[in-house]
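Notes for the one structure printed next.
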Amino acid sequence: MNDKAQLHTLEGLGAAVLMTLTILTITQSTMIVTPQNELAIDVHLEQISSDALTVLDRNPVDSDQYNLTECIASWDMTEASYPDNMTGNLDELDAGLQYLLPDTLYNVDLAYIENGDLKVDNAIIRGPAGKNSVVTRHFVTLTNETVSEMGGSWNLGETELRVVEVRLTAWEV
Amino acid sequence: MMDDKGQIAVDFLLGISLFLIALTFTVQFIPGMFMSGSAGESSLDYTAYRTATVLVEDTGWWGNSTSSGTDWEEHPGNVMRIGLAVDDDLSSKLTNSPNIISRKKTLQMMNVDKTTFIEMLGLYNNVDDTLFAYGYNISFTQDGNVLMLNNTSIIRGQIVPEYKETTKITRIVLMEKGTIASFTGDDLTSELVNTATINITGPFVENITIQICDLNFTGLSPMFLNASLDGTTLIQPSNYTVCKIDGWEKSSFNGSLSSPTDVLSFNFDKELFSSSSEYRLDLEFRNVTLPTPGPPFIDYNDWNSTHYEPAYLVVEVWE
Amino acid sequence: MKRFFADEKGVSLLFEYILFSLICIGFFMIVSVNSDEIFMHTPNEVVMENEMSDIGNMMSTMITDMYLILPANGRIDTEYNLPPKVGTETYIINADIAYTDQIIELVSSDSGKKIRVTIGGIATTMPINGTASSSSTNHMISYDSRR
Amino acid sequence: MGSLRKDTKGQWIALSGLVISLILIGLAVLANQAILAGYHSSNAALEFPKENIRELNLHTHDNARMIRSMSFYINSTTNETVPDAFDQLFDNYSIQMKKLYAVHGEVVDVSMVSINSTTGKYTMDDIDMVLVNITYDDGITHYVAEPELIEVNK
């Protein structure tokens, strides 16, 4: 009888155990981390940043937080620059977005029509937009009344109304 | 067979062929493995997405043979769809206020029986006409804690299993939470020096909030001292809580007022105003003037409006 | 018996070679006969199941999203693309049973594989019907309040 | 052949090779799932312009209310009638919306149909509803609300 194989069997058993353990570790770790697929992450990000704008927009006027219209009306028209003046004097809006969108970086652009031409101003710059950034838009309408109430410098006529598109570019850090 | 050296060739042959087979597989499949790290159930992602969307952006609907409307919380027996958005027009299925969540609907959602709930929100898989309910956990959270409405924790479903793959969707909403009245220092009426008096008529379904800003300071280190109801001093935090509000952030308040622009937010337990009579609330300060004399005192019920607070809806679904 | 095991003179080197070749040939024959099943059919099944549930979810998500913005007086329609084949088969999307069962069904043409996706309570309040075949080119979901 | 049986060294190489190939098959199946997971459904959720259409609609609602109060203001300071002022302001709003949406390749049109006035006097309490046509088209999704009834006295 050749019994030399016994040692090999044990070795083999060891190897098999090691292999099984490796496979188990790999599969278990993917279970715990639950990596979502990239597109689903985009969907979620778009959803939540659009929620943030909606919540800001729909916030009742008499609540203690300024709503989106009030925030935009208070703007002094100085564009933000990176990295010295990231919030471009839109601190209220920035604080709101930061509260509602933790762990997210964002830029805010304001687009509006002035004398028939489109103007796009950078209002908040938190950095260069990442690869998987999503853009959501909301509109506010400013009048002379809202602007002067909030102390902004939009310079609107008494009977003028200006639609401003608030463009939020958000990405995960 | 006397020559043992031939065996090496056979071993080698077997070894190399198996190695080649393994290599072929590796070359074929390894690139695919690194394309995406997930091996999950994609359909669950969208079950969670749809559930959250319907809850946040839809008003819900009820109907029987004669009438229908969006106020399903009043007709729990005929509910056809569960949605939590507030609505001002009961007959239109649309809402003008997505992301604003009705308190009543949320409370009614807690009472919907389990089978109806799963069916209404589509939280099941239908395989050959047999329904397999997904595991789910739906909750509203605020500052990391589960939201309480009418002493009920707003959370439905099972505990999220630790060792299972789940998909999670978070939505930001404004939750209707009782009532709020905001006063400035000049609005507040006072009979005693340094003491603001507010009349409040009960009862309330939720805790009430009083917000005060722009107080007029007269001396050094102005302070809020205490609150009393019909002469009885109230105790923190069982009767009421106070915090300072800065935009969207709440910070703790130790009593000393630092700047006139501070916004104070008082939250009173609804149990204090349990009967439907008028209560007198005194807020005692130090070194604060309240220019408007009383009586008559300012009335909370004339000033209040619905209180909305940001909250998160978290929907988690698993097999 | 001991002699039997100790005896190393079994077959000649040539015969051993022939035997070994036979074993190898046998192995590869089995592999090649089953390869279609192992390497094509099973992955195809998985791919079909995934892709069909993906497409079902697309329909369901789109209908849900669309439902939430329906105009009170007016119409809305949206075009969408369907992959012509899942795995190796064409398929049909059936929404006709949505009203009673709250589901959208996808049926593949050859194997008759069925995948069902729920549409969360919307179908009870809005009649949803229609079928779409992956082999046709234009697909559209539309709603008209006046119909 | 006895030599083959006697030599046991190859067995584990053979077995581990088999095990590895089986594992790889399993992983391949899983990886296949992952690559294809949720492309179409994500696209539906990302591409369908739900928020854009809703925003167009809701913002028009908000604006109709704002324009109503503004046209009363204009009426009180100039001799322009309320419906005229309303028309003008609404046109102005419509042009701005058109341009802002056009930037994103979307064609929208918001136009006023009529102001509902029961007595025909266009007083503050009288104007309760405005009828507006709203259309949206991004080449894939077409949305038409004609007319959208906007209650402006809320």
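The values are calculated or read from the model by the stated rules, or taken from the named source; none is laboratory data. In this text the structure is predicted, and so the values were computed from the model without any measurement. No Cβ is skipped: glycine too gets one built from the backbone with ideal geometry, and neighbour counts run over all protein chains shown.
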Return a yes/no flag: does region B:255-266 have any residue that is touching a residue at least 60 places away in the same chain (Cβ under 8 Å) and either of a type in the set (Val, Ile, Thr) or within 14 Å of chain A (Cβ to nearest Cβ) (or both). no
Here are some conditions: (1) at pLDDT 85 or above; (2) touching a helix residue (DSSP H, G or I) at 6+ places or on another chain (Cβ under 6 Å). B:SER102 meets all but one. Which one does it not meet? (2)
Which of the residues that make up region A:49-78 are in contact with a Cys (Cβ under 9 Å, 6 or more places away or on another chain) and either basic (Lys, Arg) or more than 7 Å from chain B (Cβ to nearest Cβ) (or both)? A:LEU56
If you go through region D:95-113 one residue at a time, how many are touching a residue at least 40 places away in the same chain (Cβ under 8 Å), closer than 18 Å to A:THR143 by Cβ and of a type in the set (Val, Ile, Thr)? 1
Note on B:GLY60: of the conditions (1) under 20 Å from the mean Cα position of the chain (by Cα); (2) closer than 16 Å to B:TYR136 by Cβ, unmet is (2)
Among the numbered criteria (1) over 19 Å from A:ASP76 (Cβ atoms); (2) surrounded by 18 or more Cβ atoms within 10 Å (Cβ to Cβ), which one does A:LYS131 miss? (2)
Here the qualifying pairs (Cβ atoms under 9 Å; residues six or more apart or on different chains; first in region D:133-154 and at the interface with chain C (Cβ under 9 Å from one of its Cβ atoms) and at positive phi; second outside any strand (DSSP E or B) and of a type outside the set (Asp, Glu)) come out as D:GLY139/D:GLY105
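Being surrounded by fewer than 18 Cβ atoms within 10 Å (Cβ to Cβ), within 10 Å of chain A (Cβ to nearest Cβ) and among the hydrophobic types (A, V, I, L, M, F, W, C) narrows it down to one residue among D:VAL107, D:VAL103; which is it? Please lay out each step first, then the result.
Working: D:VAL107 fails: within 10 Å of chain A (Cβ to nearest Cβ).
Of D:VAL107, D:VAL103, the one residue that is surrounded by fewer than 18 Cβ atoms within 10 Å (Cβ to Cβ), within 10 Å of chain A (Cβ to nearest Cβ) and among the hydrophobic types (A, V, I, L, M, F, W, C) is D:VAL103.
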Name the strands (runs of 3 or more DSSP E) wholly inside region C:46-142 in which the number of residues that are buried (at least 21 other Cβ atoms within 10 Å of the Cβ) is 3 or more. C:103-108, C:114-118
Counted residues, region B:181-202 - those being out of contact with any helix residue (DSSP H, G or I) (no Cβ under 6 Å at 6 or more places or on another chain), surrounded by fewer than 20 Cβ atoms within 10 Å (Cβ to Cβ) and not in a strand (DSSP E or B): 7
So, in region C:115-147, exactly how many residues are away from chain B (no Cβ under 14 Å) and free of Cβ contacts under 8 Å to residues at least 24 places away in the same chain? 3
Tell me, yes or no, whether region B:269-278 has at least one residue that is within 22 Å of B:GLY294 (Cα to Cα) and either among the polar types (S, T, N, Q) or part of a strand (DSSP E or B) (or both). yes
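I want to confirm something. Restricting to region A:119-128 and keeping residues that are of a type outside the set (A, V, I, L, M, F, W, C) and within 14 Å of chain D (Cβ to nearest Cβ), which single residue is surrounded by the fewest Cβ atoms within 10 Å (Cβ to Cβ)? Quick ask: steps written out before the conclusion?
Within region A:119-128, the first condition is being of a type outside the set (A, V, I, L, M, F, W, C), and the residues that meet it are A:119, A:121-122, A:126-128.
Filter once more, so that each one left must be within 14 Å of chain D (Cβ to nearest Cβ): A:119, A:121.
Values: A:LYS119: 11, A:ASP121: 16.
That would be A:LYS119.
Go through region B:151-160 and give me each residue that's under 19 Å from B:PHE117 (Cβ atoms) and either under 15 Å from the mean Cα position of the chain (by Cα) or loosely packed, with under 14 Cβ neighbours inside 10 Å (or both).
Initial filter on region B:151-160 (under 19 Å from B:PHE117 (Cβ atoms)): B:152-160.
Of everything in region B:151-160, those that are under 19 Å from B:PHE117 (Cβ atoms) and either under 15 Å from the mean Cα position of the chain (by Cα) or loosely packed, with under 14 Cβ neighbours inside 10 Å (or both) turn out to be B:THR152, B:SER153, B:ILE154, B:ILE155, B:ARG156, B:GLN158, B:ILE159.
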Restricting to region D:63-104, give me the number of residues that are closer than 24 Å to A:ARG58 by Cβ and of a type in the set (D, E, K, R). 2
Check C:THR90 against each of (1) within 12 Å of the chain's Cα centre (by Cα); (2) within 12 Å of chain B (Cβ to nearest Cβ); (3) among the β-branched types (Val, Ile, Thr) and name the one condition it does not meet. (2)
Quick one: how many residues across region A:31-61 are at pLDDT 75 or above and in a helix (DSSP H, G or I)? 20
Subset tally (residues that are more than 19 Å from A:LEU142 (Cβ to Cβ) and not aliphatic (A, V, I, L, M)) for region A:63-86: 7
Segments classed as strands (runs of 3 or more DSSP E), wholly inside region B:116-169, with at least 1 members that are under 23 Å from C:GLU49 (Cβ atoms): B:124-127, B:130-133, B:135-142
The correct count of residues that are closer than 14 Å to D:MET124 by Cβ and β-branched (Val, Ile, Thr) in region D:82-97 is 1
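Quick test for you: out of D:ASN116, D:ASN92, pick the one residue that is without any contact (Cβ under 8 Å) to a residue 24 or more places away in the chain, in a helix (DSSP H, G or I) and either touching a strand residue (DSSP E or B) at 6+ places or on another chain (Cβ under 9 Å) or within 14 Å of chain C (Cβ to nearest Cβ) (or both). So that I can check it myself, show each step before the final result.
Numbers: D:ASN116 fails: in a helix (DSSP H, G or I).
The unique qualifying residue is D:ASN92.
With the structure loaded, tell me whether A:GLY116 is more than 9 Å from every other protein chain (Cβ to nearest Cβ) and among the small types (Gly, Ala, Ser) or whether it fails that test. Walk me through it before giving the result.
Numbers: more than 9 Å from every other protein chain (Cβ to nearest Cβ): no; among the small types (Gly, Ala, Ser): yes.
Judged against the criteria, A:GLY116 is not a match.
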Taking B:LEU174 and the conditions (1) aliphatic (A, V, I, L, M); (2) modelled with pLDDT of 85 or more; (3) assigned to a loop (DSSP other than H, G, I, E, B), which numbered condition does it fall short on, given that it satisfies the others? (3)
Output yes when any residue across region D:66-84 is surrounded by fewer than 21 Cβ atoms within 10 Å (Cβ to Cβ), among the basic types (Lys, Arg), within 28 Å of C:LEU70 (Cβ to Cβ) and more than 8 Å from every other protein chain (Cβ to nearest Cβ), and no when none is. no
For region D:43-79, the count of residues that are free of Cβ contacts under 8 Å to residues at least 60 places away in the same chain and within 18 Å of B:THR53 (Cα to Cα) equals 9
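To keep it simple, each residue is scored yes or no on (1) within 14 Å of chain D (Cβ to nearest Cβ); (2) more than 19 Å from A:THR54 (Cβ to Cβ); (3) in contact (Cβ under 8 Å) with a residue 60 or more places away in the chain; (4) not aromatic (Phe, Trp, Tyr).
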position: B:THR47; (1), (2), (3), (4): yes, yes, yes, yes
position: B:VAL54; (1), (2), (3), (4): yes, no, yes, yes
position: B:SER65; (1), (2), (3), (4): no, yes, no, yes
position: B:ASP71; (1), (2), (3), (4): no, yes, no, yes
position: B:HIS75; (1), (2), (3), (4): no, yes, no, yes
position: B:ILE82; (1), (2), (3), (4): no, yes, no, yes
position: B:ALA85; (1), (2), (3), (4): yes, no, no, yes
position: B:ASP88; (1), (2), (3), (4): yes, no, no, yes
position: B:SER91; (1), (2), (3), (4): yes, yes, no, yes
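What tally of residues in region B:235-252 results from selecting those that are closer than 12 Å to B:PHE266 by Cβ and of a type in the set (S, T, N, Q)? Can you show your working first?
Restricting attention to region B:235-252, the residues satisfying the condition of being closer than 12 Å to B:PHE266 by Cβ are B:236-237, B:239-245.
Pick out the ones that are also of a type in the set (S, T, N, Q) and you get B:236, B:239, B:241.
Here the count works out to 3.
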